[in-house]
Every structure is written in structure tokens, then in C-alpha cells.
Amino acid sequence: MSRSLSFSELTSYFLQLEETRSRNEMTDILVDLFKETPNSEVDIVCYLVLGQINAEYEEEVLGLGNKMVAKAISIASSKSKQEVQELFRETGDLGTVAEKISGETKTLNSFFGEQKELTVTEVHQGLKDISRFEGSGSYDKKLRTLAGLITRADKVGARYIVRISLGKLRLGIGAMTLLDTLAKTYTGDKKNRPEVERAYNISSDVGLVGKKLAYKGHKGLEDIEVEVGRPIRMMLAQRLENLDEVKDKLEDRFAAEVKYDGERMQIHKKNDEVKIYSRRMEDITHQYPDVVKAINQSIGSKEVIVEGEAVAYKDGELQDFQTLMQRKRKYDIQKYVEKIPVKIFLFDMLYKEDSLLDKPFPERRKKLEQTISENEIVKCSDIIKTTELREVEKFFNKSVDEGQEGIMIKSCSKDSIYRAGAREWLWIKWKKDYETRMSDTVDLTVVGGFAGRGRRSGLYGALLCAAYNKQKDIFETVCKLGTGFSDETLEELPEKLKPFESEKKPARVSSKIEPDQWFKPEFVVEVLGAELTKSPVHTAGIDTIGNEGIAIRFPRFIGFRADKKSEDSTTTKEIMVMYEKN
Ligand SMILES: Nc1ncnc2c1ncn2[C@@H]1O[C@H](COP(=O)(O)OP(=O)(O)OP(=O)(O)O)[C@@H](O)[C@H]1O
């Protein structure tokens, strides 16, 4: 049997790592540690130095509560729970407490007779068991296992076992430093980092990379391939300050997609088993049983990895990110599936019976379109292929107008592979963030109403609001107002607006949008928006800008302005000034 690294050897390196502030020194200390580490334990050491017990995407995570850990320390020492709590209050760190009172532990140890030295494998196994115990009696099992580990460790070991079990090791080592170390230790040169990093990016498992390198050196990296069920680190986008620069970066070979305002998902499907990973590689499958079901209905192929953005969808409209965040929960999942339905807009395909990472984007996209059949939940992202920046800008305005963040411009060149874990110029994001922010409210005239759906059925779901064009004496639309209403306000609206109902569009209203109900321009509301943007669907300022008007993004109802006549509304000119101020 091969030698095992003792836990005290490992923690002697932890002590050194905690002392140093230099990244280079840190790498050197880590290289020394790996030189000491038997090949069979390289993966464990990789996880432990990061304070983990597994690859980050795996479900086994630690993070026990202070109370339980304090109790375990008390069991492992001769101190009472109260004494442990008292020391915890003094030091603020249970690791330090365990280290301090672990002298008594050793007395107990010798009382039971000499035990073999604790190895990293034993600590790792113990911590893994702790994370796995479930159901009745699991609290006691966790407690006893942890107390057992603390009892067997030396003083310094007790400190680190406690910190790891709390999920608070924090040696300050990032995955990239660890990859540098692995390259240096097992290939002899930090220059091989890119290949090592690639293996990590497609496997998201630093332990696996470490172990392959330890056994086979550089060649071991070839064994690491994309696998369904193991997340790929996600490709990210660069940001441009000026849309014209797109041509410098991507020439004429690009496509634009809506940048949806939701949560990114990487979805792995193997037969009927579906797993969903978040941008941070967490397994979020249990939060989205509706997406799991819809993906199975939409994709027939056996082994597939796709990516998309999930967006909350309510009352016939896509909702903002905050609404979707209500789905982040451990309990009441089913209730929230109904309360906050979602749609997933798929935008990439990374695997179909084989890896597609090295295929150019147009090919991946085509495969995606051929593979999925859209349903209520699963959709393909909205995409346009054009070389005209004017068209791209229009598409952007439309996307923002529909409440989305902006657009993603993606290279379609032959080199447009999926670059796992990289933020490069193959993807460029163009967001509305760079535009005007509104700090002041505006008063707008209600010119139309949209029938509510779902909870709002029988009431108005949104109002079409307009600014006043004084020169022309007309009302030009600037937004569809659907948020900020209390339930009482919603109930009141039909009655309040009844006197102004009109069968046709009133002459003084200029609108490209056709609401369910027109209103004579009489009724004024106060609105706060997030920002102003150009819009092809609204008419405010349309003469000045050309084909488009100005729109208010994310408008919120603040209150009624019964004291104002519609001619006292904010004017189109004022809106233009607000827009141009930036
Ligand atoms: N059609 C799309 N294609 C790619 N990504 C999209 C798309 N729609 C929405 N997104 C989201 O936009 C993000 C791309 O921007 P970036 O790579 O910079 O991520 P980010 O750092 O999360 O930035 P941001 O805060 O701008 O979303 C993706 O992570 C994804 O969540």
C-alpha cells in the first residue's frame, strides 16, 4: 500500500500559506506540498487547500453551523458547551478555540491508548461522511464524526478541521494559483498553464486535473474531455463602449441576440436525467422542476449540453431579474413554480453525442435549432444575422424596450469556438446601463389600457402613458406602465378611467401601439423610470430623432395627479432634454 500524507504534514503547509502575502511564494509553498503528496491523494489535497471536499459543482458541501461545531469541540475536549461558547465569544473563531483546548483531547487520546496518526484521506473521508448523513439521527452522526476527527487531530489540525467544516478555511488560494502550481509541479513549467487551465475549464474539477497530471504528466490532460453531467466553465463576454467598435473587433462576421435579464443555466441531459448548473457551477436542478420537465419534452437526443438564460414570465410578459430571484429557495419549490413561471431562452449547444466546443458558433447554433422543439417554456433566443450596425441598433432598442438588458453580439467567424471559462472578444455585450439614469419623476397622461391577465384579469394590467407635445398639442407615448400598483389601486383604476374611455384612438394621441382600450387624454399619473432610451415603438420626440421616439425604461407608478390637467404633464421637450443631458 502506498504511503499516505499525514494531516499534520498538510497543516504545516497551511500554516506557512497563512503567513505569506506573496503569490509567488504561495505557489512555491504549494509546489513543495505537492512534491510531498502521494499521487493517490493529489485530488484530495487540491480540494482541501481550497477548503472544499469535492469539485465545486458537486453537491457535497460543508458549512456546518457554529452551534453544532461548538458542541463537537466540547465533546472532543473536557470543556463544557458553555465554556466553549465563552471562548468562542472571546476569540470569534471556533478554529482557534479547538486549537486552544485540544490539549485535553490528547490526554483523552492517550487514555484510550496510542492511535495511528491521522491521514488526509481519513480527514477527507470523515468530512465527506459528515456532508452526506441525512434523515433521522443524522445530526448525531455528524456530531460524533466531527468530534472524532477533532479528537484524533493535533492542536493545529483541530483548528483546520473546524474551519473546513464551517466552510471557512480561507487560505486565500484561488483556483488559478492552484493551476499554476500543478503546471509547475507536474509538467516542470508554469508556461503549460494554458493547457492545464483548459482541462480545468472543460471539467470544472481541479482535483481531477491534479490527479491526471500527477500520474501521467502533461499527457494526462488528454484524458480530460467534456462529459455530460459535469459542468463546463462558462464563456463570458467583453464589453464595448461604442457600438461602432464592433466592426473593428468582429469585422462583418457576427450575429446579435437579445441579452435576456435572468439567470444563466447550463443544462446537461443524459437520457431522461437533467441537471442544471448556475453561472457559479452550483447544481440548481431542484429549484427548476418545470425546466427539467420542459427540457425532456423539448429534446429527444440522448446526450446534450445546452446553455440559456431563464427569465421569469408573468401576465404575458417577461419579468425582471428580481422577480426570478424569488425562485431561489429550498422550500415551497412547487408553490413558486406556479407563482413565478419561467421561460428559458437557449442560446448555445456545447454537446450533442459529442463535444461541440471546437465548432464555430453558427454551426453550434444550427445544431441547437435542429435539436430542440420549442414549447411553452423552452425557446430559442431571439437572433438576427446582419452586417448593418443600424439594424443591430434597432434590434438593441427593441430588446431594451421589451425590458431586456440589451444585446449580445457574437462572432460567426470560423474561429468562433466556445471558449470555456474565457472572457474574450468572441462575445460582446452591449447593455443599456451606459445610458441615462432618471432621478426625477415625470407626470404622464394615460391614453390607453391593456387588459390584465392572471391575477389581474378583469382589471387593467398596464397603462399606455404619454408626454405632452406642446408645439403640436398632442400626446406622444413614452411607456407601458405595469408596475408599482397596489392591489387597491388596480381595483380602483377601471372606475377612475371609465369617464375617459374612447372607442377609437383620440385625435390628439400619437401612438404606434394599439391598446385594448383607448382613453381621452385627461387623466394624469406620476411615474418614476429607471432610464430613457430610444425606442421604435414609442412616439415621444419622434420628429426630432427621426423614426424613433424616446421611451422610459422600467417605469413605476408613484401616484395619481388629480391636481393636474393633461396639458400640465411633462412635455416631450423636457423628456428630450433629460435624454440628451447624458
Ligand atoms: N443571448 C445570450 N447569449 C449569451 N449570454 C446571455 C444571453 N442573454 C443573456 N445572457 C447573459 O449575459 C451574460 C453575458 O455577459 P457576461 O459574460 O459579461 O456575464 P456577467 O459577468 O454575468 O455580466 P452581466 O452582469 O452583464 O450579465 C451571460 O452570462 C448570460 O447570463
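The table below lists the values:
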item	result
The range 324-339 - phi-based ³J(HN,Hα) in whole Hz, Karplus 6.51/-1.76/1.60, Gly and Pro as x	4, 4, 5, 7, 7, 7, 9, 10, 6, 4, 4, 4, 7, 4, 7, 5
Acute angle (nearest 10 degrees) that the helix 66-76 long axis makes with the longest principal axis of the chain, alpha-carbon atoms	10 degrees
With every protein chain in place, the range 442-581: carbon and sulfur % of accessible area (1.4 Å)	48 percent
Accessible area per residue in Å² at 1.4 Å probe, computed on the chain	46 Å²
Lys/Arg +1, Asp/Glu -1 at C-beta; the chain dipole; positive extreme among Val120, Ala420, Gln266	Val120
Percentage relative contact order, the chain, counting C-alpha pairs under 8 Å, at least six apart	11 percent
Portion, in percent, of the accessible area of the range 38-104 that falls on carbon or sulfur, probe 1.4 Å	46 percent
Cα centroid of the range 340-415 to Cα centroid of the range 276-301, whole Å	18 Å
Principal-axis tilt of helix 175-187 within the chain, Cα atoms, nearest 10 degrees	50 degrees
Contact order relative to length of the range 101-233, as percent, for alpha carbon pairs under 8 angstrom and 6 or more apart	17 percent
Charge-dipole axis of the range 236-431 as Lys and Arg at +1 and Asp and Glu at -1 on Cβ define it, positive-most pick from Ile383, Leu350, Ala256	Leu350
Charge dipole magnitude, Cβ of K and R +1, D and E -1 - the chain, Cα centre, debye nearest 20	680 debye
Charge dipole (the chain, unit charges on Cβ, about Cα centre) - positive-most of Thr11, Ala76, Phe519	Ala76
DSSP-loop GluC sites (Glu not before Pro) across the range 221-293, with at most 10 other Cβ within 10 angstrom	Glu241
Folded to 0 to 90 degrees: helix 389-401 orientation relative to the chain principal axis, Cα	90 degrees
Proximal lysines to Lys35, defined as alpha-carbon separation beneath 20 angstrom and excluding residues fewer than eight positions away on the same chain	Lys184, Lys190, Lys191, Lys211, Lys212, Lys216, Lys219
Apportionment of accessible area to carbon and sulfur, the range 236-431, percent (1.4 Å)	44 percent
The range 236-431 - charge dipole about Cα centre, Lys and Arg +1 at Cβ, Asp and Glu -1, debye rounded to 20	500 debye
Distance between modelled label sites at Ala451 and Asp354, nm, 7 Å Cα→Cβ extension	5.3 nm
Ranked by how many other beta carbons lie within 10 Å on average, peptides 491-498, 317-324 from highest	317-324, 491-498
Mean separation of Cα contacts under 8 Å, 6 or more apart, over the residue count of the range 66-165: relative contact order %	40 percent
Across Lys498/Lys534; Lys470/Lys512; Lys505/Lys565, pairs whose alpha-carbon gap is larger than 22 Å	Lys498/Lys534
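The values are calculated or read from the model by the stated rules, or taken from the named source; none is laboratory data. Being a predicted model, the structure only gives us computed values, none of them experimental. Note that we place each Cβ from the backbone using ideal geometry, even for glycine, and neighbour counts take in every protein chain shown. We work out accessible area using only protein heavy atoms, side chains counted, and drop any ligands, DNA or RNA first. Shrake-Rupley method; radii C 1.70, N 1.55, O 1.52, S 1.80 Å.
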